[in-house]
Each structure stands twice: as structure tokens, then as C-alpha cells.
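Okay, so here's the structure we're looking at.
The values are calculated or read from the model by the stated rules, or taken from the named source; none is laboratory data. Since we're looking at a predicted model, the values are computed, not measured. Don't worry about glycine lacking a Cβ; one is built from the backbone with ideal geometry, like all the others, and counts go over all protein chains shown. SASA here: full protein model, heavy atoms, side chains in, ligands and nucleic acids out. Shrake-Rupley method; radii C 1.70, N 1.55, O 1.52, S 1.80 Å.
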Amino acid sequence: MINLKEISIGELIKLKVEESGITMQRICKFLKCSEDEIWTMYNKKSIDCELFMRWSKLLKYDFFRLYSQHLILFSPAQKNSGNKDKASESRLPNFRKNIYTKEIIDFILDLILSGEKTNLEINRKYEIPTTTLYKWLSKYRADR
């Protein structure tokens, strides 16, 4: 399982390249860079967004989702200031925070089943409703 707390995007890109079997020649041509530059990218913790988008397209994998999941799991809880209209006034798109992927569900269930956190702690820290936790537990517990 990928460590979502410490994302080293270069390592993850390299892993996906190895899984996909795409040749170095194709990568260099698509990204318009040298093989040395590719190897340098594999060692980077972060890369430029435009280049990041090109990697995602080349490998047909949404690397941005890794960061979205990181935000869901590790961003500080928002204080309920009672002023929800500010978010709707923004000219930027407003995204919902409750995108539960299989990796997030596995992460949460591992915390609960290992005894590291209780359902109530999960509910408070990650703002996942209790009913959702119970559904996950009943659906996925047998898989473990």
C-alpha cells in the first residue's frame, strides 16, 4: 500500500512506469526531455504541475488523486465558522471533501481494526459519518 502521508511522487511515477512497461524512448519523446532528466525526476519528491499532468496522461493514471486523498486524510479539520457562504462566493470550483476511494476506506478500516483509533475518533478527525463507517465495516470486514 502507498504511504499517503509522505508522498514521493518521483518514486510513484517510476513504479507506474515499471508496471506499464512504457519504454524510456517513448517517455523521452512524450515529455520532450532526456533520459537523464527522467532519472532525475524519479528522485524528486515533487515536480512541476504541467509536467505532472503530462506524466498522468502518458501513464493513464490520476496522480493528482494521491494528493486529493492526502488532503482528505491529513488536512486540519475546518472550524465551523457558521459562514458557509464564503465558499460559494469563490470564483474557483468548490469540491466536496468526501471522496472515499478504496485506498481511503482501507486506511480507515486498518485504523479501526488494529485498534489504533475508535469509530468516534475517526468520525471526529476525518469527518466520516458513523453510518458510513458501519457500512464499510459490514461490507469490507470479511475481506480482511
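Just the residues that are at pLDDT 90 or above and hydrophobic (A, V, I, L, M, F, W, C), please, taken from segment 96-121.
Result: Ile108, Leu109, Leu111, Ile112, Leu113, Leu120.
Which ones in segment 69-82 are at pLDDT below 75 and either under 9 Å from the mean Cα position of the chain (by Cα) or within 20 Å of Gly10 (Cβ to Cβ) (or both)?
Within segment 69-82, Ile72 is the sole residue that qualifies.
Out of segment 98-118, which residues are surrounded by 15 or more Cβ atoms within 10 Å (Cβ to Cβ) and not in a loop (DSSP other than H, G, I, E, B)?
The answer is Glu103, Ile104, Ile105, Asp106, Phe107, Ile108, Leu109, Leu111, Ile112.
Name the single residue, out of those in segment 18-56 being polar (S, T, N, Q) and part of a loop (DSSP other than H, G, I, E, B), that is most open to solvent (accessible area, probe 1.4 Å).
Filtering first and then ranking leaves Asn43.
Looking at (1) open to solvent by 90 Å² or more (accessible area, probe 1.4 Å); (2) in a loop (DSSP other than H, G, I, E, B), which is the one condition that is false for Asp62?
All conditions pass for Asp62, except number (1).
Taking the residues in segment 32-68 that are touching a helix residue (DSSP H, G or I) at 6+ places or on another chain (Cβ under 8 Å) and of a type in the set (Gly, Ala, Ser) as candidates, determine which candidate is farthest from Ser8 (Cα to Cα).
If we take residues in segment 32-68 being touching a helix residue (DSSP H, G or I) at 6+ places or on another chain (Cβ under 8 Å) and of a type in the set (Gly, Ala, Ser), then Ser34 is farthest from Ser8 (Cα to Cα).
If you scan segment 4-17, which residues turn out to be open to solvent by less than 100 Å² (accessible area, probe 1.4 Å) and part of a helix (DSSP H, G or I)?
Passing the criteria: Ile9, Gly10, Leu12, Ile13, Lys14, Leu15, Lys16, Val17.
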